[in-house]
Amino acid sequence: MNRAAKNTLQPGDWNDVVLTATLYSEQAGIIAAVVCSLIVAGLLKGVIGIGMPIVALPLLSLFIDIKSAAMLLSMPLIFSNLPQALEGGKTGRCLMQLMPVLLGMIPGLFLGVRVLLALDANIAKIIAGLVLMAVGGVTLLAPKLQLQSRLVLPAGIAFGFFGGILGGLAAMAGPLVFIFLLAKGLRGKEFTKEASLYLVVSAGLLAILLTASRQFSWLDVWVSTAAMLPVGLGMYVGQHLRDKIAPETFKKLVLIAVIAAGADLLRHGFFS
């Protein structure tokens, strides 16, 4: 391809590389804003250990479309959670304990991805805005549930299913499942390991489904993998700030900002 042809390339000219074409067609300032958004999301992950997509999605959606944002976040979700998922060994046993959640998550994620890929841009913004406001509100209020052992299986499937739908729609498969894991009685390292392993599995399946959809390709997977660099930088800084910032205060401020960002997405979706 000669230089003149390359300079006139438009996103629609690149079949099956939606994310790559979107970023290729943007100005340098937009690319810089996307990178900064990923750094900020990694900062949150470094400070409180969770919540990267809750911040990343509303920031990224200011500059690129929701579908491309979901694809861009898929690989950072895997790599940023993999060390915690493997920490301490007994990963196979942990995976078995997650089985009710995964059984619900798989069909939910399929449904969420199908809905996401079928939506036009404004409707996607409206749904993503509602998801952000709901997830932010639920996480902020953090209802304290206590499940009886006989309810773990059905509740796990239900929370996994709706978590999967949110994962497919907005790359946010975690918050609802986190509530289930807490209600199951998990705390500390046990909670972190199961939550991280769940995010690795759900994000891996999300990447596969998006890549298989013909709207994305393996080139987009490589772009998503490269996005781990700014996320990793943010995580490194956040981990060093962890002892200087009250995590719960920081988390509440972030979630309030996320709810506001969801409301702004709704506004853009309705009035664009």
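The values are calculated or read from the model by the stated rules, or taken from the named source; none is laboratory data. Just so it is clear, the structure is predicted and the values come from calculations on it, not from any experiment. Cβ atoms come from the backbone with ideal geometry, glycine included; neighbour counts cover every protein chain shown.
For a quick check of your reading: which helices (runs of 4 or more DSSP H) sit entirely within the range 1-120 and have at least 3 residues that are under 20 Å from S202 (Cα atoms) and modelled with pLDDT under 90? Quick ask: steps written out before the conclusion?
Numbers: elements: 3-7, 18-25, 28-48, 52-60, 66-86, 91-97, 99-118.
Per the criteria, 52-60, 66-86.
So, in the range 140-168, how many residues would count as being surrounded by fewer than 24 Cβ atoms within 10 Å (Cβ to Cβ) and touching a residue at least 60 places away in the same chain (Cβ under 8 Å)?
1
Taking the residues in the range 169-195 that are outside any helix (DSSP H, G or I) and on the phi < 0 side of the Ramachandran plot as candidates, determine which candidate is surrounded by the fewest Cβ atoms within 10 Å (Cβ to Cβ).
Restricting attention to the range 169-195, the residues satisfying the condition of being outside any helix (DSSP H, G or I) are 171-173, 184-187.
From the residues that got through so far, the ones that are on the phi < 0 side of the Ramachandran plot too are 172-173, 184, 186-187.
Details: M172: 30, A173: 31, K184: 22, L186: 17, R187: 9.
The qualifying residue surrounded by the fewest Cβ atoms within 10 Å (Cβ to Cβ) is R187.
From the residues in the range 236-255 that are assigned to a helix (DSSP H, G or I) and more than 19 Å from L38 (Cα to Cα), which one is modelled with the lowest pLDDT?
Of everything passing the filter in the range 236-255, P247 is modelled with the lowest pLDDT.
Is it the case, given these coordinates, that A158 is in a helix (DSSP H, G or I), of a type outside the set (V, I, T), within 25 Å of A207 (Cβ to Cβ) and modelled with pLDDT under 90?
no
Please tell me if G137 is free of Cβ contacts under 8 Å to residues at least 24 places away in the same chain and surrounded by fewer than 18 Cβ atoms within 10 Å (Cβ to Cβ).
Judged against the criteria, G137 is not a match.
Looking at L182, L166, L176, which is the one that is in contact with a Phe, Trp or Tyr (Cβ under 6 Å, 6 or more places away or on another chain) and at pLDDT below 90?
L176
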